[in-house]
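Have a look at the structure below before the remarks.
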Amino acid sequence: VGSPSTQWLEYQGAPTGTDIECNGWRQEAALRMLNNNLDPEVAERPTDLVVYGGTGRAARNWDAYDAIVDELRSLEDDETLLVQSGKPVGRFKTHERAPRVLIANSNLVGKWDDWDHFHELEAKGLIMYGQMTAGSWAYIGTQGIIQGTFETLAEAARQHFPDRDGLRGTITVTAGLGGMGGAQPLAVTMNNGVCIAAEVDEDRIDRRIETDYCMTKTDDLDEAIELAREAARADESLSIALHMNAADMFDGLREREFVPDVVTDQTSAHDELEGYYPSGYTVSEADALRESDPDQYVAESLETMERHVEGILEMQDAGAVAFEYGNNIRGQVQEHRDVANAFDFPGFVPAYIRPLFCRGKGPFRWVALSGEKADIHRTDEAVKNLFPAKEHLHRWIDLAQERVSFQGLPSRVCWLGYQSGDDPDGLTERARFALRINELVASGELAAPIVVTRDHLDAGSVASPNRETEAMKDGSDAVADWPILNALLNASAGADIVSVHDGGGVGIGNSLHANNHVVLDGSELAAEKARRVFTTDPGIGVARHADAGYEEALEEAAESNVHVPMEEQ
Ligand code: NAD
């Protein structure tokens with residue numbers, strides 16, 4: 001990717017404050033979000049342009065980064081910039097209500113849609129892996145995933161331990177403390193539980209401890225088990241990072257006949273070459289093997305992954321609640337190691353998230369372009385006031401204020417949905433809150449505009465048969481028309497940045513997904529865009545699930561007047 005650009009070295013994170021370098025806030029928001037993605041506090045390996053999720057990048061190389069920055073600085077209010085796999089490739093006159101930036105990352109034609117072709121094209125400098133929010137400039141650090149992880153574990157606790165206060169008194173065992181996985185220990189302790197998380201890279205462990213995502217560390221499995229048992233017995237929450245390969249940890253658990261209550265994983269198993277680490281090597285030894293003998297690396301990585309999955313399955317057989325946390329570890333070992341029973345433990349979406357998707361609920365997130373924490377605290381108050389009866393949302397906002405450190409631009413996430421049934425103006429939850437933020441910007445109560453975006457993992461924005469669309473009721477798991485319609489619809493509704501990617505979360509060829517940003521600068525134009533996009537975006541989620549025959553989605557469509565032509569009850 002070349003040497004880090006001098007512009008980036010000067011930025012070292014997003015510009016803040018009310019003075020802008022671009023011709024308008026929409027372009028400025030794109031510039032700030034790109035630089036926020038690459039803030040050393042936010043990105044996992046910013047000098048390689050890697051943001052998170054294995055090799056998810058924000059720009060193709062440093063020359064392309066510089067070119068994007070230059071284009072954004074001079075982009076007019078009625079122009080649209082095209083970014084193809086992290087490289088600016090065109091700029092056209094469109095109109096003020098159109099998106100300012102359109103992004104497509106990592107997309108390949110079906111027959112060629114796999115890591116081998118991707119790596120060939122990447123070596124020629126023709127494509128980039130954008131993961132989900134890396135290449136769409138919507139990553140906000142580990143704080144971005146924390147609520148999703150918190151909600152998933154809360155739902156798991158409700159289903160499996162209904163008499164406990166969340167996960168109180170239980171032990172969750174997982175692995176991977178990277179950009180996203182690093183949220184796991186905090187999400188477990190926020191649900192009052194105890195967590196042991198294996199991680200091979202001690203630097204990652206230290207990063208999570210420094211930022212209060214994890215409490216303590218050890219490289220001794222006996223010590224980890226002892227500490228976990230003591231805390232669980234005392235009903236106290238605790239998180240322990242275990243410096244060890246996940247597959248070796250599971251072998252050790254089996255030898256000690258220790259069965260946790262919950263088992264999952266967030267190593268970067270979706271990428272056997274550049275994400276997952278084989279057993280028997282230190283991180284630097286493994287990194288050297290990857291360079292010298294990539295085939296050997298892949299063979300050993302997949303062998304370790306097989307042991308890892310067998311460990312999870314054994315724990316499930318012994319009574320643990322097990323689920324895959326969206327890294328395609330089941331798909332990987334089924335495809336490459338012929339493990340026939342890999343899918344005997346469920347994915348987290350069908351197990352815990354789909355009922356939320358049916359209601360158009362998903363990860364609404366907002367970022368203070370001012371850089372001021374006070375702006376987010378003001379919006380925290382606003383969302384609580386707007387939805388006084390939502391106790392769970394109030395608990396989440398209070399916990400987030402107390403326990404989640406900001407990284408880069410101050411941001412917040414909370415899951416909001418459609419549910420316009422109870423609003424006199426027929427506005428969706430997401431639209432109501434976005435309009436309230438826009439008013440706060442207009443009245444000067446916030447120091448600068450707010451940009452609203454979300455994860456690609458949302459109700460109507462992704463096709464991913466091993467994750468978001470696993471086991472759809474009508475068998476439509478691999479139908480990828482929905483994310484494309486989502487992007488086209490949100491561009492038509494006037495979102496400011498719209499993107500479509502391949503391969504996020506689960507690896508090239510395994511998913512297609514879309515994302516958008518809307519900049520709330522207090523103007524009437526922003527209000528108009530917010531009203532439209534925050535209706536279309538959750539609305540297509542309701543439509544997608546109604547089309548698949550889910551009762552909750554059909555009900556939501558009926559209650560909230562989502563017009564789904566052939567499915568109306
Ligand atoms: P990351 O690459 O930043 O971190 C992965 C971590 O796993 C690294 O710290 C690495 O050292 C560690 N690791 C790799 N192999 C290991 C092994 N065998 N034993 C122990 N540790 C090992 O990735 P991330 O952003 O944290 O994402 C992790 C995975 O979760 C990815 O596959 C990603 O696609 C997926 N993901 C899931 C969700 C979700 O909503 N559930 C969201 C985003 C990403």
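Observations
- The residue pairs whose first member lies in region 266-280 and is touching a residue at least 60 places away in the same chain (Cβ under 8 Å), whose second member is near the ligand (Cβ under 6 Å from one of its atoms) and acidic (D, E), and whose beta carbons are closer than 9 Å, counting only pairs six or more residues apart or on different chains, are T267/E199; Y277/D201.
- Top-ranked residue of region 37-56 - restricted to ones that are part of a strand (DSSP E or B), within 14 Å of the chain's Cα centre (by Cα) and not aliphatic (A, V, I, L, M), ranked as surrounded by the most Cβ atoms within 10 Å (Cβ to Cβ): G56
- Flag if I484 is in a helix (DSSP H, G or I), surrounded by fewer than 17 Cβ atoms within 10 Å (Cβ to Cβ) and under 24 Å from the mean Cα position of the chain (by Cα): yes
- Every pair of residues 6+ apart whose Cβ atoms lie under 9 Å, when the first sits in region 291-302 and is more than 8 Å from P278 (Cα to Cα) while the second is away from the ligand (no atom under 14 Å from the Cβ): V298/H336
- Taking the criterion of being more than 14 Å from the ligand (Cβ to nearest atom) and either out of contact with any Ser or Thr (no Cβ under 6 Å at 6 or more places or on another chain) or open to solvent by 10 Å² or more (accessible area, probe 1.4 Å) (or both), the residues of region 173-201 that qualify are M190, N191, N192, V194.
- Residue check for R412: in contact (Cβ under 8 Å) with a residue 24 or more places away in the chain and assigned to a strand (DSSP E or B): yes
- Condition met for A59 (in the same structural domain as F118 (by TED's automatic domain parsing), free of Cβ contacts under 8 Å to residues at least 60 places away in the same chain, away from the ligand (no atom under 16 Å from the Cβ) and under 19 Å from L121 (Cβ atoms)): no
- Near pairs, Cβ below 9 angstrom, 6+ apart or cross-chain, from region 1-12 (free of Cβ contacts under 8 Å to residues at least 12 places away in the same chain) to any residue that is open to solvent by less than 70 Å² (accessible area, probe 1.4 Å): T6/D66
- Hits in region 408-437 - residues which are open to solvent by less than 10 Å² (accessible area, probe 1.4 Å) and farther than 20 Å from V518 by Cβ: none
- Set E226, E236, E257: member being open to solvent by 10 Å² or more (accessible area, probe 1.4 Å) and either under 21 Å from T149 (Cα atoms) or among the small types (G, A, S) (or both): E236
The values are calculated or read from the model by the stated rules, or taken from the named source; none is laboratory data. Here the structure is a predicted model, which is why all the values come from computation and not from measurement. All Cβ positions, even for glycine, are placed from backbone atoms using ideal geometry, and neighbour counts span all protein chains on display. In case anyone asks, the SASA skips ligands and DNA or RNA and just uses the protein heavy atoms, side chains included. Shrake-Rupley method; radii C 1.70, N 1.55, O 1.52, S 1.80 Å.
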